[in-house]
Amino acid sequence: MSLLGSIRRLTANAKLAFACQPLVEVSYALPSLIAIEAHTGRAVVPMCFEADALSTLLGAPRFEQMPSPSWSMAPQSRLYPDAAARPTSAAVAGFLKAHGIGYIFADNAHPNTLVADAIPIATSGESEVLQIP
């Protein structure tokens with residue numbers, strides 16, 4: 001059974017969160033793992049501070065501490081107000097549940113640093129889907 005197939009079999013309104021790094025995500029509305037959503041119809045939500053990536057278009061260096069101009073509109077900005085933020089597992093789990101997110105996608109590039117007691121429900125190689133208890 002493929003991991004994408006396992007994700008497709010989740011409820012139709014299922015959402016998956018994933019841990020990310022500040023200089024990787026360009027937009028919380030267009031996450032780097034958008035291919036999962038494209039292939040499964042299940043939303044993926046990046047969980048990290050979003051640094052300003054647009055400044056490079058003007059030739060400026062990227063700074064991990066500078067938030068994206070739209071970051072304050074993202075619900076995640078309350079958990080990740082800056083690049084040094086490391087919310088507790090309980091705080092992240094509460095946030096995810098409050099926003100209808102019941103699962104976590106994890107792989108080598110996006111290890112599960114979000115909810116410590118999340119339960120693996122599907123695995124393929126180094127990738128897995130975990131359910132938030």
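Using amide H atoms built 1.01 Å from N in the peptide plane, name the residues 5+ places from K15, or on other chains, whose amide H lies under 5 Å from its own.
When sequence neighbours closer than 5 places are left aside, the close amide H contacts are G102, Y103.
Relative contact order, percent, of the stretch 36-133 when contacts are C-alpha pairs under 8 Å separated by at least 6 residues?
Once normalised by length, the contact order is 18 percent.
Through the Karplus equation 6.51 cos²θ - 1.76 cosθ + 1.60, θ set to phi - 60°, convert the phi angles of the stretch 54-62 into ³J(HN,Hα) values in whole Hz; use x for Gly and Pro.
6, 4, 5, 5, 9, x, 7, x, 8
Among the trypsin sites (Lys or Arg not before Pro) within the stretch 10-86, which fall in a DSSP loop and have no more than 15 other Cβ atoms within 10 Å of their own Cβ?
Those that pass, being in a loop and sparsely packed, are R62.
Just how large is the dipole of the chain about the Cα centre, in debye to the nearest 20, putting +1 at every Lys and Arg Cβ and -1 at every Asp and Glu Cβ?
Using Cβ point charges on Lys, Arg, Asp and Glu, the chain gives about 380 debye.
Pulled fully out, how much extra length does the chain show between R62 and Q131, if you take 0.36 nm times their separation in residues and subtract their Cα-Cα distance?
21.4 nm
Rounded to the nearest percent, how much of the accessible area of the stretch 1-121 (1.4 Å probe, protein heavy atoms only) is carbon and sulfur?
62 percent
From the backbone phi of the stretch 107-124, what are the Karplus-calculated ³J(HN,Hα) couplings (6.51 cos²θ - 1.76 cosθ + 1.60, θ = phi - 60°) in whole Hz, Gly and Pro given as x?
Couplings: 8, 4, 7, 9, x, 6, 10, 8, 10, 4, 9, 5, 9, x, 10, 7, 9, 8 Hz.
If you fit an axis through the alpha-carbon atoms of helix 89-98 and take the longest principal axis of the Cα set of the chain, what angle between them do you get, 0 to 90°, nearest 10?
The angle comes out at about 80 degrees.
The values are calculated or read from the model by the stated rules, or taken from the named source; none is laboratory data. Being a predicted model, the structure only gives us computed values, none of them experimental. Neighbour counts are summed over all protein chains in view; Cβ atoms, including those assigned to glycine, are modelled from backbone coordinates with ideal geometry. To get the accessible areas, we keep the full protein, side chains included, count just its heavy atoms, and leave off ligands, DNA and RNA. Shrake-Rupley method; radii C 1.70, N 1.55, O 1.52, S 1.80 Å.
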